[in-house]
Amino acid sequence: DGSYADVDYANEEVTPELVRNLLTGRYDATTPKSKRLDSNEHSNLFVYFTGHGGDEFLKFHDADELSAKELALTFAEMRAKRRFKRCILVVDTCQAGSLFKYLDNSTSGILAMASAKLGENAYASPADATTGVALADRFTEQAIRWLSSTGSEPGATWGHFVHQMTRARTGSTLEVYEKAWGSGLDWRSAPIRAFL
């Protein structure tokens, strides 16, 4: 119902440019501290996108798009500015896996997960009884359910999350892109609580 989250940006103000600026720390002087992502080289980030997408793009309001190249450049800039230590990036759209095509060593420290692979659709949950409209995709609905229950327990890891989401009935194929994660910590044993 949204009561568990603070919303800093909503509706039409959320654009690809706003997302890029927020993640990379490009703000104007009037941006309140409460609307900034104040992260550093010690921060573990959890970034989650859901909506419409296609081959190498994420749609915003059926008008603007964030391309796979722009996404990779954004995370490369974040890495260069030391805005995170590790990042879990989850995208729930049709063909979400295509968004990770350009993630490489310049974006090290990122584990990317897609709800659907290239050429595959992501599917909406059944319609809400009150509104008559689907309010989330199946993957997002399952992810929220698991992360807010089992995922919040001590000892829960991203390996557990991937195992659970691979088994979830979403109608699409979970794809894990670990190439940009780097060495040191095995992502499968990375604790969820360190990111949420």
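The values are calculated or read from the model by the stated rules, or taken from the named source; none is laboratory data. Since the model is a prediction, treat every value here as computed from it, not as a measurement. Using ideal geometry, Cβ is built from the backbone for each residue, glycine included, and neighbour counts are taken over all protein chains shown. We work out accessible area using only protein heavy atoms, side chains counted, and drop any ligands, DNA or RNA first. Shrake-Rupley method; radii C 1.70, N 1.55, O 1.52, S 1.80 Å.
Brief remarks on what is shown
- Under DSSP loop assignment and at most 14 Cβ neighbours within 10 Å, longest chymotrypsin sites (Phe, Trp or Tyr not before Pro)-free interval of the chain: 28-196
- Close Lys pairs in the chain (alpha-carbon distance under 23 Å; sequence gap of 8 or more, or different chains): 20.
- Average 1/r across all pairs of distinct alpha carbons in the stretch 112-192, invert it, and you get the Kirkwood radius: 13.9 Å.
- For the chain, radius of gyration divided by Kirkwood radius, i.e. Rg to Rh on alpha-carbons: 0.94
- Averaged over its residues, the chain has an accessible area of 54 Å² per residue, based on protein heavy atoms and a 1.4 Å probe.
- Semi-axes of the equivalent ellipsoid for the stretch 52-104, computed as √(5λ) from the eigenvalues of its C-alpha gyration tensor and ordered from largest down, come to 21, 11, 10 Å.
- Estimated at the nearest 10 Å², the accessible area of His61 is 80 Å² with a 1.4 Å probe.
- Largest GNM mean-square fluctuation across Asn44, Asn105, Asn11, computed for the chain with C-alpha springs under 10 Å, falls on Asn11.
- Calculated Rg and Dmax of the stretch 124-171 using C-alpha coordinates, Å: 12.3, 38
- Lys117 contributes an accessible area of around 90 Å² to the protein surface, as traced by a 1.4 Å probe with all chains present.
- Distances between placed amide hydrogens fall under 5 Å for Thr173 paired with Lys117, all partners being 5 or more residues away or on another chain.
- Glu41 paired with Ala10, simple spin-label distance in nm, labels 7 Å along Cα-to-beta-carbon: 3.8
- Taking amide H positions as modeled 1.01 Å from N, with prolines and chain starts lacking one, the residues under 5 Å from Phe60 and 5 or more places away or on another chain are Glu65, Leu66.
- Counting only DSSP beta bridges with both residues in the chain, the antiparallel share comes to about 50 percent.
- Close amide H partners of Ala190, meaning residues 5 or more places away or on another chain with modelled amide H under 5 Å apart, are Trp158, Gly159.
- Accessible surface of the chain, 1.4 Å probe, proportion on carbon and sulfur as whole %: 50
- Were the residues from Asp104 through Ser148 laid out at 0.36 nm apart, the gain over their Cα-Cα distance would be 12.8 nm.
- Residues listed by number, the stretch 130-164, amide nitrogen under 15 Å from Ser189 label point at 7 Å toward C-beta: 155-160
- Ordered by 1.4 Å accessible area with all protein chains kept, Thr157, Thr166 run largest first as Thr166, Thr157.
- Most mobile of Gly155, Gly184, Gly25 in a GNM of the chain (Cα contacts under 10 Å): Gly184
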